[in-house]
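To start, the structure under review is shown below, and the notes come after it.
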Amino acid sequence: MASVFAVLLNTTGQFLTMEGILVFLCVLVLVKYLSDHRPKNVPPGPVPLPLIGNVLSLDFRDPVLSFSEICMKYGEVTTLYLGSEMVILLSGYKSFKEAFVEQADIFADRADYPLNDQLTRGLGLISSSGHAWSHQRRFAIAVLKHFGVGKKSLETSILQESRYLCEALHSQRGLAFNPDRIVTNAVTNIICNLVFGHRFEYDDEHFRQILLYLNDIVQLPAHFWGQLYNRFPTLMSWLPGKHQTTFSSLSKIKLFILEEIQKHRQDRNPTSPRDYIDYYLDEIEKGRDSKAQFTEENLVFCVVDLFAAGTETTSNTMLWTLLYMAKYPEVQEKVHAEIDQVIGQARQPSMNDRPLMPYTYAVIHEVLRAANALNITPPRVASRDTTIAGYLIPKGVTVFPLLRAIMQDKNEFSTPDEFNPGHFLDENGKFLKKEGFIPFSIGKRMCPGEQMVNMEFFLFFTCLLQSFSFHAPEGQTLKMDSTVGITTAPKPFQLRAIPR
């Protein structure tokens, strides 16, 4: 220690001030803290401060963007400290594949957070883990396939809803309007048919309110109040704030779903299930595997998750699509030309048309990439010590999968910050598949409704562009501003739907 002071004295040529000594001692304490608390060979990352970690490096208005910026500096596998908690950020396709495909069993479980416990109690399809999760997911996929996911019957259902959607747009008579409500109801009705066995009218105020409650629940984990709850759950349970209104919203959604379940109990025919709820009630009655947790309570949370996963990101992506078309008329014109050439105006689109429409298919992919409706997938936890990219990932550490960084990888996409359908076209104008394009994630936890969403997106998009051209309101310039949260939605905007 004396030699260190001597060096400092010789360097400065003067005695250290009391402030200098205090700074020096603080540095020593910080170095000692890091050496005691940071495991060996963990991924690189910013230097954490005692108690608060790297919190000062985060912008709470957009924490996911902060995560991405940190990864750009330290690499696609990065260590970050949220308070005293060590977490790992994954922001590259290679790291995703190594973790969630090659080591899928190690990273299959969800991280345990106080907010998740309060919202779901570990039930449902998104926040559950282990034996119960695997059985609930397998059951949901089987039922969705039975009712048409990937089949002609679902295509018919989507096309029927597309007609209702186009009728609603025609009723606007080419005037400026906000498309949020109409688009969200159309997308949600696809899930309603699969889960409830019926759809809702677009002017159903009660159902619209339920969708707003659902949005609150989806966004809370990324909200400032949600982060506070995770850090101080006991204190926050007594304080007012957005978290309390969201808990109230969840109670109202659960009551709405329980009413639907009760209707199904009264009029269902066990020999002829009509929808997801009917099949689930059959499974409850069988009671063959108590660990799989087929209960009425779990049914409620599974339905909440199906709506959260199947409507929020899809409706937001559809809204981005309309916004991009109005913002980039040259792209819209090329889509119109391809629709006119392949489909025409005499019939509705079909999934059989998709291979014949490379430009339209490229536009759809570019919307999914550029809009990136899902910024970050729910965190995972390592079930044992392992490595990613040669770095140690300790058992029990939380892993944050960042999709935004992958969708904006400049090594994969030539102009990642621009809307450019050419990212998915080769030099001959043919569709170009990209291995690193994973808007639905990869591995065991990838979105189980990917096939359904792809079908919805293509059919809704082509039906809308077959019938309308979309433009900004007269004298206005459309902005591409977005909301911040788990999902990314365009801020409220207006446009005109002009019949073709």
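Would it be correct to say that Arg274 is out of contact with any Phe, Trp or Tyr (no Cβ under 6 Å at 6 or more places or on another chain), under 30 Å from Arg496 (Cβ atoms) and among the basic types (Lys, Arg)?
The answer is no for Arg274.
How many residues are more than 16 Å from Thr314 (Cα to Cα), touching a Gly at 6+ places or on another chain (Cβ under 8 Å) and of a type outside the set (A, V, I, L, M, F, W, C) when one looks only at segment 181-224?
Counting residues in segment 181-224 that are more than 16 Å from Thr314 (Cα to Cα), touching a Gly at 6+ places or on another chain (Cβ under 8 Å) and of a type outside the set (A, V, I, L, M, F, W, C) gives 1.
Please pick out the residue among Leu154, Leu165 that is buried (at least 21 other Cβ atoms within 10 Å of the Cβ), touching a residue at least 12 places away in the same chain (Cβ under 8 Å) and touching a Gly at 6+ places or on another chain (Cβ under 8 Å).
One residue alone meets the criteria, Leu154.
Does segment 264-271 contain any residue that is of a type in the set (S, T, N, Q), at pLDDT 90 or above and surrounded by 17 or more Cβ atoms within 10 Å (Cβ to Cβ)?
no
Kindly indicate whether Arg274 is outside any loop (DSSP other than H, G, I, E, B) and either surrounded by 13 or more Cβ atoms within 10 Å (Cβ to Cβ) or in contact with a Leu (Cβ under 7 Å, 6 or more places away or on another chain) (or both).
No.
Residue by residue, here is whether (1) closer than 18 Å to Val484 by Cβ; (2) at pLDDT below 90; (3) crowded, with 21+ Cβ neighbours inside 10 Å holds:
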| site | (1), (2), (3) |
| --- | --- |
| Leu51 | no, yes, no |
| Val55 | yes, yes, no |
| Phe60 | yes, yes, no |
| Leu65 | yes, yes, no |
| Cys71 | yes, no, yes |
| Gly75 | no, no, no |
| Tyr81 | no, no, yes |
| Ser84 | no, yes, no |
| Leu90 | no, no, yes |
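Quick one: would you say Ser153 is of a type outside the set (Val, Ile, Thr), more than 27 Å from Leu220 (Cβ to Cβ), at pLDDT 95 or above and in a helix (DSSP H, G or I)?
Against the criterion (of a type outside the set (Val, Ile, Thr), more than 27 Å from Leu220 (Cβ to Cβ), at pLDDT 95 or above and in a helix (DSSP H, G or I)), Ser153 does not qualify.
Go through segment 391-420 and report how many residues are touching a residue at least 60 places away in the same chain (Cβ under 8 Å) and not polar (S, T, N, Q).
Number satisfying all stated conditions: 15.
With respect to Ala362, determine if the residue is within 24 Å of Leu119 (Cβ to Cβ) and in a helix (DSSP H, G or I).
Judged against the criteria, Ala362 is not a match.
Of the residues in segment 149-177, how many are over 30 Å from Pro499 (Cβ atoms) and over 22 Å from the mean Cα position of the chain (by Cα)?
1
Identify, please: which residue in segment 102-119 is over 19 Å from the mean Cα position of the chain (by Cα) and not polar (S, T, N, Q) and is, among those, surrounded by the fewest Cβ atoms within 10 Å (Cβ to Cβ)?
If we take residues in segment 102-119 being over 19 Å from the mean Cα position of the chain (by Cα) and not polar (S, T, N, Q), then Asp105 is surrounded by the fewest Cβ atoms within 10 Å (Cβ to Cβ).
Can you tell me which of Pro355, Pro378, Pro401 is touching a strand residue (DSSP E or B) at 6+ places or on another chain (Cβ under 9 Å) and in a helix (DSSP H, G or I)?
Pro355
Within the group Arg347, Arg354, which residue is buried (at least 16 other Cβ atoms within 10 Å of the Cβ) and either modelled with pLDDT of 95 or more or more than 29 Å from Ser127 (Cα to Cα) (or both)?
After ruling out the rest, the residue left standing is Arg354.
Go through Lys444, Lys430 for me and flag whichever is surrounded by fewer than 19 Cβ atoms within 10 Å (Cβ to Cβ) and within 21 Å of Gly344 (Cα to Cα).
Testing whether each residue is surrounded by fewer than 19 Cβ atoms within 10 Å (Cβ to Cβ) and within 21 Å of Gly344 (Cα to Cα) leaves just Lys430.
I want to confirm something. Restricting to segment 362-380 and keeping residues that are under 18 Å from the mean Cα position of the chain (by Cα), β-branched (Val, Ile, Thr) and at pLDDT 95 or above, which single residue is surrounded by the most Cβ atoms within 10 Å (Cβ to Cβ)?
That would be Val367.
Residues that are more than 17 Å from Val64 (Cβ to Cβ) and not basic (Lys, Arg): which helices (runs of 4 or more DSSP H) entirely in segment 203-243 hold 3 or more of them?
Correct list: 205-219, 233-236.
Does segment 220-230 contain any residue that is more than 20 Å from the chain's Cα centre (by Cα) and surrounded by 16 or more Cβ atoms within 10 Å (Cβ to Cβ)?
So far as segment 220-230 goes, yes, one or more of its residues are more than 20 Å from the chain's Cα centre (by Cα) and surrounded by 16 or more Cβ atoms within 10 Å (Cβ to Cβ).
Looking only at segment 335-352, which residues are assigned to a helix (DSSP H, G or I) and free of Cβ contacts under 8 Å to residues at least 60 places away in the same chain?
Ala337, Glu338, Asp340, Gln341, Val342, Asn352
Check Leu299, Leu322, Leu356 and return the single one that is among the hydrophobic types (A, V, I, L, M, F, W, C), in contact with a helix residue (DSSP H, G or I) (Cβ under 7 Å, 6 or more places away or on another chain) and closer than 30 Å to Asp216 by Cβ.
Checking each option against the conditions leaves just Leu299.
In segment 114-135, which residues are in contact with an Asp or Glu (Cβ under 9 Å, 6 or more places away or on another chain), within 24 Å of Ser249 (Cα to Cα) and not in a loop (DSSP other than H, G, I, E, B)?
Of everything in segment 114-135, just one residue is in contact with an Asp or Glu (Cβ under 9 Å, 6 or more places away or on another chain), within 24 Å of Ser249 (Cα to Cα) and not in a loop (DSSP other than H, G, I, E, B), namely Thr120.
The values are calculated or read from the model by the stated rules, or taken from the named source; none is laboratory data. Note that the structure is predicted; figures quoted are calculated from it, not measured. In this analysis, Cβ positions are derived from the backbone assuming ideal geometry, glycine residues included, and neighbour counts consider all displayed protein chains.
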